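The structure under discussion appears below in the form of structure tokens.
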């Protein structure tokens, strides 16, 4: 089955919690926890955003919170020649599939074009 047919369109898929962190001046800890949200539309558009979970200990105050909450990438997705979900954003590509038994979870291998950094990410359909 085409994995794109398993996507619930115009619904949010959320990542596990992530954090923007730093250690300064002898170990002062700064942290802003957030989640990433991916949303698909039937017309081939995909959107990746971020949402702060808690204004915990931002290093740069409200401007750091605003920067995370205002993050937005809009791209496109299609079915790849290997039958994967292929998402293209400016500076970022994501290729993945829904899990077999937990099809409400989408998994991706991500690649940042600028520095070649590669990582995995997973998103679960939000209630």
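Looking only at residues in segment 57-82 that are assigned to a strand (DSSP E or B) and within 21 Å of the chain's Cα centre (by Cα), which one is farthest from residue 34 (Cα to Cα)?
79
For residue 19, only one of the following conditions fails: (1) within 25 Å of residue 3 (Cβ to Cβ); (2) surrounded by fewer than 17 Cβ atoms within 10 Å (Cβ to Cβ); (3) within 13 Å of the chain's Cα centre (by Cα). What is its number?
For residue 19, the exception is condition (1).
Among all residue pairs at least 6 apart or on different chains, which show Cβ distances below 7 Å where the first residue, located in segment 33-55, is farther than 15 Å from residue 106 by Cα and the second is at pLDDT below 95 and assigned to a loop (DSSP other than H, G, I, E, B)?
33/54; 33/56
Go through segment 24-56 and give me each residue that's more than 17 Å from the chain's Cα centre (by Cα) and not in a loop (DSSP other than H, G, I, E, B).
24, 28, 29, 30, 31
The values are calculated or read from the model by the stated rules, or taken from the named source; none is laboratory data. Fair warning: this is a prediction, and the values are worked out from it, not measured in the lab. Cβ sites come from the backbone with ideal geometry, for glycine too, and all protein chains shown count toward neighbours.
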